[in-house]
Amino acid sequence: MATCCRAFVGILLVSLVVMNSVHADPEALQDFCVADTKSTIFMNGGPCLNPMEASPEHFITSALRKPGNLSANPLGFSVIVTTPANMPGLNTLGLSMGRIDMAPGSAIPPHIHPRGSETIFVVRGALNVGFVDASSRLFSHKLVAGDVFVLPKGTVHYLQNTGKITAFIVSAFNSQNPGTVIVSMATFASTPAIPYEVLSKAFAISVQELSQIRKSLGGN
Ligand SMILES: *[C@@H]1O[C@H](CO)[C@@H](O)[C@H](O)[C@H]1NC(C)=O
């Protein structure tokens, strides 16, 4: 390819990436669209309540006031997020927040948010965080209280509490419903299972080892 065209393709790719990262969710067509949480219509986001029925209560949630029960999760962490279900007023606005609490030594396994980038703000504690880009390069860093780290949309990322106290982290997404794919679960514990012949080739392990992993992850 001639140099001119290569440069052009480069610019085109960069602008596509930039455009893609600016708008994770589509732009709203109205000031707000309080989600009608009782509706059974399936669409992109929730259907709008009649604006005359909207009230201030639709725009607040106390769901993030308290940490979740860390001992209820064998992995020792809790994540609570705002959604159109617990905060109908954020429907169509293209953002959401989360509260993450992590016991000392705990880790949030590698996962992907397919529909949004995430920023995390460490309120308390110390973390090791990292994401892997499309060329399998790891970008990781140690964080302390007050630090902010950004996890680009669609990248595999993890969090690890490296401190001696329970860590408290606030996260923000540029999507009302960023989605979460836990890589190990999606790969080894899907329903039904990905053919063992495929996984055996992909991970260069035996079918016995595969079924052991699937069992440990709660797959049936
Ligand atoms: C937290 O979870 C543990 C384990 O499931 C349970 O025994 C305990 O009662 C829970 N605590 C609260 C406050 O719900």
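Inside segment 107-150, can you point out the residues that are farther than 30 Å from GLU27 by Cβ, touching a Gly at 6+ places or on another chain (Cβ under 7 Å) and open to solvent by less than 20 Å² (accessible area, probe 1.4 Å)? Within segment 107-150, VAL122, GLY125 qualify.
Scan segment 90-106 for residues that are within 16 Å of ILE80 (Cα to Cα) and surrounded by fewer than 22 Cβ atoms within 10 Å (Cβ to Cβ) and jot them down.
LEU95, MET97, GLY98, ARG99, ALA103 - these are the residues of segment 90-106 that are within 16 Å of ILE80 (Cα to Cα) and surrounded by fewer than 22 Cβ atoms within 10 Å (Cβ to Cβ).
In segment 54-76, the qualifying residues are those that are of a type outside the set (Gly, Ala, Ser) and open to solvent by less than 60 Å² (accessible area, probe 1.4 Å), and the one that is farthest from the ligand (Cβ to nearest atom) is HIS58.
Working carefully through the options ALA204, ALA186, ALA145, find the one that is touching a residue at least 12 places away in the same chain (Cβ under 8 Å) and of a type outside the set (Ser, Thr, Tyr).
None of the others qualify; the one that does is ALA145.
Residue pairs whose Cβ atoms lie under 6 Å apart, sitting 6 or more positions apart in sequence or on different chains, and linking a residue in segment 67-91 that is on the phi > 0 side of the Ramachandran plot to a partner that is in a loop (DSSP other than H, G, I, E, B), are GLY76/ALA103; GLY76/SER106.
Taking the numbered list (1) over 30 Å from GLU27 (Cβ atoms); (2) within 16 Å of the ligand (Cβ to nearest atom) in turn, VAL79 passes all entries but (1).
Evaluating ASP36 against the criteria (1) within 16 Å of the ligand (Cβ to nearest atom); (2) in contact with a Leu (Cβ under 6 Å, 6 or more places away or on another chain); (3) open to solvent by 40 Å² or more (accessible area, probe 1.4 Å) leaves one unmet condition, (1).
The values are calculated or read from the model by the stated rules, or taken from the named source; none is laboratory data. What you see is a predicted model, and the numbers here were worked out from it, not measured in a lab. Glycine also receives a Cβ, built like all others from the backbone with ideal geometry; neighbour counts cover every protein chain displayed. Just the protein is used for accessible areas: all its heavy atoms, side chains included, with ligands, DNA and RNA removed. Shrake-Rupley method; radii C 1.70, N 1.55, O 1.52, S 1.80 Å.
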